[in-house]
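*Asks:* Below: one structure in structure tokens.
The values are calculated or read from the model by the stated rules, or taken from the named source; none is laboratory data. The structure presented is a predicted model; accordingly, all values stated were derived computationally and were not measured. Methodologically, a virtual Cβ is constructed for each residue, glycine included, from the backbone with ideal geometry; neighbour enumeration extends over all protein chains shown. Remember, those area values only see protein heavy atoms, side chains included, never the ligands or the DNA or RNA. Shrake-Rupley method; radii C 1.70, N 1.55, O 1.52, S 1.80 Å.
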Amino acid sequence: MDEKQLSLLDDHEEADNGPVVCLGMTFKNDEERREYFRNELRKKLPELKKIEGFPIGDDEDIIALSDPPYYTACPNPWINDFIEEWEREKKEKYGRDENEEYHREPFAADVSEGKNDPIYYAHSYHTKVPHKAILRYILHYTKPGDIVLDGFAGTGMTGIASQLCNNPNAVKDLGFHIDNDGIIYDENNNQISKLGARKSILNDLSPTASFISK
Ligand SMILES: C[S@@+](CC[C@H](N)C(=O)[O-])C[C@H]1O[C@@H](n2cnc3c(N)ncnc32)[C@H](O)[C@@H]1O
């Protein structure tokens, strides 16, 4: 990847060595956070295994593959906790009202994106969708802080696109321009969205795909 592409991903690099706050708890570092939630996952497995379609695998292998609470190699028992936290953040950080009305006209433009972007090349997956195509839809249908669910997420291009909504370079690459307040305009100067990351929840039946997403 060149410098520009690396800078696109800067926003969501993990800090591995400092204190981390996760779901309202503070940990010395990411390793401590991971170990705490791996133990929690171990306790929750008997209940989770009753869910139809639970992956076939040894408990300890599922735990070792997981990086909880963010990623679990099985149904994730913390999704509701994240949603609660993100809904609170939406109010506090973006001043959003939980009862606000939602309306968007259908996204009706043709979308065509090449498959030659370095992020596209980072790994292969047979049904991979270029993240730039997804970015256009997310900008159209959501505001900063909104939560996007992709239940058939493959290798997570929806997650990349959700985070890149906060990246001026990625948005400008689509041919849009941005004013000082972060408002995004299309080629015809129509206001289409606002700069700011969206949250994403990614799920896939394939353990390989969800592992790459993570
Ligand atoms: C078109 S692909 C998504 C590709 C994705 N947009 C990407 O960029 O990588 C559809 C995905 O749905 C997954 N899938 C199929 N049936 C599923 C199910 N019942 N539950 C969850 N995922 C499923 C497949 O494993 C596949 O990865």
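*Asks:* Among Leu48, Tyr94, Phe27, whose Cα sits farthest toward the positive end of the charge dipole of the chain (+1 at Cβ of Lys/Arg, -1 at Cβ of Asp/Glu, about the Cα centre)?
*Replies:* Final value for the positive-end residue is Leu48.
*Asks:* Mind checking the dipole of the chain: about its Cα centre, +1 per Lys or Arg Cβ, -1 per Asp or Glu Cβ, Debye to the nearest 20? If you can, show how the numbers build up before the last one.
*Replies:* Details: 26 positive and 41 negative charges, 52 e Å.
With Lys and Arg at +1 and Asp and Glu at -1, about 240 debye.
*Asks:* Measuring from a point 7 Å past the Cα of Tyr141 along Cα-to-C-beta, which residues in the range 110-134 have an amide N at less than 18 Å?
*Replies:* Within reach of a label on Tyr141, which here means backbone N under 18 Å from a point 7 Å along Cα→Cβ, the range 110-134 contributes 110-113, 128-134.
*Asks:* Using a 1.4 Å probe on the protein chains only, how many percent of the accessible area of the chain belongs to carbon and sulfur?
*Replies:* On the way: 6390 of 13070 Å².
The value for the chain is 49 percent carbon and sulfur by accessible area.
*Asks:* For the range 114-214, give the share of DSSP beta bridges that are antiparallel, in percent and rounded to the nearest 5; count only bridges with both residues there.
*Replies:* Values: 5 of 9 bridges.
Expressed as a percentage, antiparallel bridges in the range 114-214 total about 55.
*Asks:* Sort out the exposed loop GluC sites (Glu not before Pro) in the chain (DSSP loop, at most 15 other Cβ within 10 Å) and tell me the longest stretch that has none.
*Replies:* By the stated rule (loop sites, at most 15 other Cβ atoms within 10 Å), 102-186.
*Asks:* Under the classification rounded if a/c is under 1.5, otherwise prolate if a/b is larger than b/c and oblate if not, where does the range 72-155 fall, given a ≥ b ≥ c as square roots of the Cα gyration tensor eigenvalues?
*Replies:* Working: a/c = 2.48, a/b = 1.34, b/c = 1.85.
Oblate shape, in that a/c is at least 1.5 and b/c is the bigger or equal ratio.
*Asks:* Calculate the FRET efficiency for Leu23 and Lys115 from the Cβ-Cβ distance with a Förster distance of 41 Å, rounded to the nearest 0.05. If you can, show how the numbers build up before the last one.
*Replies:* Details: r = 37 Å, r/R0 = 0.89.
Given R0 = 41 Å and the Cβ-Cβ separation, E is 0.65.
*Asks:* Taking a 32 Å limit on the Cα-Cα distance, which of the listed pairs Lys28/Lys194; Lys49/Lys115; Lys28/Lys132; Lys128/Lys199; Lys28/Lys214 fall beyond it?
*Replies:* Exceeds cut-off: Lys28/Lys194; Lys49/Lys115; Lys28/Lys132.
*Asks:* Provide Met25, Met157 ordered by accessible surface of protein heavy atoms (probe 1.4 Å), highest first.
*Replies:* Met25, Met157
*Asks:* Shifting gears a bit: May I ask you to give the average projected area over all directions of the convex hull of the Cα atoms of the range 114-214, in nm² rounded to one decimal? Working shown, then result.
*Replies:* Working: hull surface 25.0 nm².
Convex hull of Cα atoms, orientation-averaged projection: 6.3 nm².
*Asks:* I need two numbers for the chain: Rg to one decimal and Dmax as a whole number, Cα atoms only, in Å.
*Replies:* Computed over the Cα atoms of the chain, radius of gyration and Dmax are 18.5, 56 Å.
*Asks:* Taking N as the number of residues in the range 85-124, what value does Rg over Cα atoms divided by 2.2 N^0.38 Å take? Mind dumping the intermediate values first?
*Replies:* Working: Rg = 17.7 Å, N = 40, 2.2 N^0.38 = 8.9 Å.
Relative to the 2.2 N^0.38 Å estimate, the range 85-124 comes out at 1.98.
*Asks:* Further question: Among Thr208, Ile178, Pro118, flag the residue with its Cα farthest along the positive direction of the charge dipole of the chain, charges on Cβ as +1 for Lys/Arg and -1 for Asp/Glu.
*Replies:* Going by the charge dipole, the pick is Thr208.
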